[in-house]
Each structure stands twice: as C-alpha cells, then as structure tokens.
1. I need every pair where a residue in region 178-197 that is within 16 Å of Ile222 (Cα to Cα) has its Cβ under 6 Å from the Cβ of a residue that is surrounded by fewer than 24 Cβ atoms within 10 Å (Cβ to Cβ) and of a type in the set (D, E, K, R), sequence separation at least 6 or different chains.
2. Filter the strands (runs of 3 or more DSSP E) completely within region 387-449 down to those with at least 3 residues that are in the same structural domain as Leu463 (by TED's automatic domain parsing) and touching a residue at least 40 places away in the same chain (Cβ under 8 Å).
3. Which of the residues that make up region 462-484 are outside any loop (DSSP other than H, G, I, E, B), more than 21 Å from Leu401 (Cβ to Cβ) and in contact with a strand residue (DSSP E or B) (Cβ under 6 Å, 6 or more places away or on another chain)?
4. Hey, can you tell me all the residues within region 396-428 that are out of contact with any Phe, Trp or Tyr (no Cβ under 8 Å at 6 or more places or on another chain), buried (at least 18 other Cβ atoms within 10 Å of the Cβ) and closer than 14 Å to Thr466 by Cβ?
5. So which residues in region 283-339 are of a type in the set (A, V, I, L, M) and in contact with a Ser or Thr (Cβ under 7 Å, 6 or more places away or on another chain)?
6. Assess whether Ala239 counts as being surrounded by 20 or more Cβ atoms within 10 Å (Cβ to Cβ), modelled with pLDDT of 95 or more and among the small types (Gly, Ala, Ser).
7. Pick out the one residue from Val100, Val145, Val115 that is of a type in the set (A, V, I, L, M), surrounded by fewer than 22 Cβ atoms within 10 Å (Cβ to Cβ) and assigned to a strand (DSSP E or B).
Amino acid sequence: MNIKLRRLATSGFAILGTALGFNLLNGVTPTELLSFQQFGYSHQASAQDADETTNERVYANARPAVVSIESDEGTGSGSIISADGLILTNAHVIGNSRTVKVRLEDGRVLEGRVVGYGDGLDLAAVRIQGNNFPTIPLASATAKVGQKAFAIGNPFGLEGTFTTGIVSRIDNERGLIQTDAAINPGNSGGPLLNSQGQLIGVNTSIYAISRDSGNIGIGFAINTNRVQPFLTAVRDGSAPQTPQSGLVAQSIMLNGTPVQGRLDSNSSVLEDDNSYYSRYTFEGRAGQRLVIEMTSSEVDAYLILLSPNGDDLGQDDNGAGGKNSKLTITLPENGTYTVLANTHSAREMGRYSLRASASGGSGTVNGGASGSTPRPNASQQASGSLPLQIQGSLGANSQILQSDRSPYQEHVFQGTAGQRITILLESREFDSYLILLDQDGKKIGENDDASSSTMNSALTVTLPSTGTYRVIANTYDRTGRGQYTLSVR
C-alpha cells in the first residue's frame with residue numbers, strides 16, 4: 001500500500017499546479033567583474049552572448065505562432081503549424097469541446113473548430129478561419145539527448161512565457177521527450193523547440209513530487225515522430241473525432257451500471273511504476289455512501305479515488321477477493337470526484353469492468369459511456385396517454401449526454417403496437433435534437449431539423465410494440481439552453 005501511495009503522489013501524467021513565487025538574483029560586484037577580465041573570462045562572455053542571441057532568435061521567430069486556447073476544460077497553449085490556420089495542441093486541453101477560443105499573439109480572439117484527436121495520443125488539432133498565419137515548422141530530425149530545448153506557452157495565464165533547457169532523455173517506447181526546460185500548468189499543448197526554432201515536441205505533462213509542487217525540472221513532450229502520423233490523419237480526414245479513452249476522463253454512473261474498459265499501451269501511465277490506468281469522474285455529494293468495484297480476469301485490478309481537490313481518499317488492491325478491488329467510502333464534500341482504474345503492476349494489459357453504486361445524498365450522474373443512449377432515471381417526466389404536450393427547459397439542472405456533453409430531459413408515454421405518431425420538439429432559443437427510445441433503450445428514431453427554416457425537430461414513426469416509450473428532448477450541441485415545447489400525437 002505504501003508503494004502505491006508514493007507512486008500516486010509522484011504521478012506526473014496530470015498537469016499539476018503550484019503557487020507563483022519570485023526570487024531576486026544575486027548581484028555581481030565591480031571587483032568580481034574586474035577579476036573575470038583579468039583571468040581571461042572574455043571567452044565565457046562570448047559564449048553567453050551567443051546563447052542569448054540564439055534564445056532571442058528562437059523566441060522572436062516562434063512566439064507569433066504560439067496561441068492561447070480556452071476550452072470548457074480550462075486553458076492551455078497551441079502551435080500554428082500551417083498558414084491556413086491548423087493548430088496543434090493536447091487532447092486534454094480540448095476535452096470534449098467542439099469549439100474553443102484561440103487568442104493570437106496580436107490579441108485577436110478567434111473561434112477554433114476541433115478537427116481531430118490523436119489515436120491513443122494526447123494530441124488534438126484545431127482549425128481557425130483565415131490565411132497567412134505565422135507558423136512553427138516541424139523538425140525533420142529526431143531530437144537527441146543533450147541538445148538545447150526551448151518551451152513557449154502560457155503558464156498560469158502568463159502568455160508568451162519562454163523557458164530554456166536541454167533534452168534530458170528520449171522515451172522511444174512511449175514517444176516522449178524528457179526535458180528540464182520549465183513546464184507548468186498552461187504550457188500544455190505548446191511547442192518544445194530546437195535551436196532552429198523547429199518543433200521537436202508538444203509539451204504535455206510534468207513530473208512532480210506532490211500535487212502542489214509544480215515544476216521540478218522534469219517535463220515531457222510528445223515527440224514529433226508521433227506527431228507527424230497524427231497530422232497526416234487529420235489532413236486526410238481519418239483522425240478520430242472524439243477524445244480517446246484514458247486521455248480525457250469518462251463519466252461513470254452511480255446506479256451500479258458497469259462500464260467496460262481495457263488497459264493497454266494506449267492508456268495513460270502512472271510514472272512511478274509504469275502501470276496503465278483509465279480515468280473516470282462523477283459528481284458526488286457530501287455524506288453519500290459509495291461502493292466502487294473493479295473486476296477483471298485478465299489484470300490484477302487496483303482502484304484509486306481522488307477528491308475534488310485531487311487528494312487521495314482511498315486505494316484498494318484485493319478488497320473484492322482474488323485480483324478484484326473494491327472501495328467503500330462516505331464522500332466528504334460536494335464536487336467532481338475522480339476514479340483511476342489501475343493495475344497492481346507495471347504494463348499489465350487486459351479488459352476490466354468498473355461499477356459504482358451510491359446511497360444517501362443526491363448524486364448527479366453525468367451520462368453513460370461515450371456513444372451510449374440515456375438510461376431511465378428519476379428525472380423522467382409526465383408519463384401519460386396520447387396526445388401529450390409538455391413545456392420544458394434545458395439548463396443547469398438538465399442531464400448531460402456523455403457523447404457530446406449536450407443537455408437533455410426525458411419524457412415518457414404509453415404507446416400501442418402499430419400506432420402511428422408524430423413527435424415535435426419546438427424551441428426559439430436553441431437548435432433542438434429529438435431521440436425516441438423504446439422501453440429497453442433501443443433507438444427507434446432521431447431527428448435534427450424538421451425544416452431548414454427553423455430550429456425545431458420532428459419524428460413520425462409507427463410504434464413497433466405496446467409499452468412505455470422515452471422521448472429525449474436534446475440540443476444539437478453542448479451550448480444549447482432554453483425553453484421548449486414537446487408534443488406527441
């Protein structure tokens with residue numbers, strides 16, 4: 001247990017925060033300057049001048065192409081890599097956002113459209129509209145240990161911050177460059193550069209001794225030999241359009257519904273022992289009693305639960321018997337909790353099942369696994385016979401579809417086999433989206449636009465069986481909010 005606690009404390013695969021501090025540099029006296037000159041230190045000064053010239057040149061050439069990115073997940077950095085506005089950044093900076101705000105060096109703020117995610121890599125591509133943007137070229141040669149490295153980004157919101165160091169290590173297995181150039185929160189997605197101002201990596205994470213220790217001189221960037229195939233996939237349209245498992249946290253339901261997953265070389269890695277993990281989140285309430293179980297016949301399961309502040313609340317190896325793990329805990333506060341589905345040892349690969357059950361408190365559920373349909377729950381409204389008309393609202397209290405983070409409400413009605421019905425979802429405040437499910441959750445139909453001139457959606461179907469049907473009043477994207485009218489006749 002102690003090994004696991006130490007390993008978690010030193011895990012660097014999340015971007016960690018630290019307090020800002022400023023230290024004054026010691027001065028050099030005139031006497032010391034004189035002694036340097038007397039003993040021939042002019043060569044050292046010349047080398048220093050050359051280093052400064054390189055630093056200034058790299059920064060001046062690259063800075064105009066480094067952008068600040070703001071998404072629903074937070075803020076980060078990015079590099080413009082083509083004059084037509086293609087931007088390279090991290091998947092964890094983008095999260096599940098479809099659009100982001102991109103701030104250029106000249107102060108302009110443009111909307112960026114997410115056009116692809118890395119397949120098992122913490123990479124994402126964003127496109128902004130325009131042309132003749134400044135760019136950062138990608139290095140053609142592989143980075144080497146000992147060469148100079150330069151990072152530009154927006155740590156703690158301090159835009160255009162420049163740090164220097166060297167390439168400390170190359171991890172060819174995971175496609176990472178280790179550097180001692182200072183990387184901090186906000187640098188994520190920004191460029192790691194060589195002396196020619198070429199991109200040799202995408203800054204992605206730091207290694208820290210605790211959550212609040214910040215940078216200690218060990219940072220990681222995704223090597224360009226992994227970036228190039230990703231950009232090829234973006235340009236030919238084959239890159240994934242949703243973030244891949246492990247790179248962005250998935251939501252888990254608290255009603256005992258199991259989530260199936262797999263740990264392998266595409267998963268995130270805890271630095272201390274190189275074990276794979278996947279990350280899940282849920283909204284918990286103070287006083288809520290929670291049971292989390294991870295079972296597998298292929299790996300030795302290990303569970304870790306983190307508080308909304310990132311504190312370790314509990315870990316378990318074999319609490320469910322055999323190689324299965326189980327955590328039972330009373331949640332201390334309201335907020336977003338994180339579950340790490342992990343393994344006991346390094347490089348264990350295989351499938352697993354994860355489930356969480358809660359009692360006490362209200363426990364908001366953030367939808368099912370990506371791509372799944374909504375499940376029945378207590379928020380279903382107005383079961384009744386036809387015709388049916390309901391006034392509703394989508395907002396902060398609505399449920400959330402995990403696949404695209406869009407809000408929705410459920411309504412149910414009783415139908416008869418062979419019955420021909422029309423469902424209309426009308427709103428003047430958001431672009432509506434309509435889904436009809438049977439009592440087993442099977443999709444009967446869906447619609448976005450009833451006509452090109454309105455934001456309404458409509459469905460006309462013949463019901464296949466007698467029973468309870470569920471209507472999902474949804475929005476086209478995550479930004480939709482407002483009043484609506486739902487009618488079934």
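1. Pairs that qualify, where the first residue is within 16 Å of Ile222 (Cα to Cα) and the partner is surrounded by fewer than 24 Cβ atoms within 10 Å (Cβ to Cβ) and of a type in the set (D, E, K, R), are Gln178/Arg169.
2. By residue number, 388-394, 407-415, 420-426, 432-437.
3. Passing the criteria: only Thr462.
4. Correct list: Ile421 only.
5. Val291, Met294, Val299, Ala301, Leu303, Leu306, Leu313, Ala320
6. no
7. Val115
Matching residues to (1) modelled with pLDDT under 90; (2) part of a strand (DSSP E or B):
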site: Leu110; (1), (2): no, yes
site: Asp119; (1), (2): yes, no
site: Asn131; (1), (2): no, no
site: Val167; (1), (2): no, yes
site: Ile177; (1), (2): no, yes
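The values are calculated or read from the model by the stated rules, or taken from the named source; none is laboratory data. Worth saying up front: this structure is predicted, and the values here are computed from it rather than measured. Every residue, glycine among them, receives a Cβ derived from its backbone with ideal geometry; neighbour counts consider all protein chains shown.
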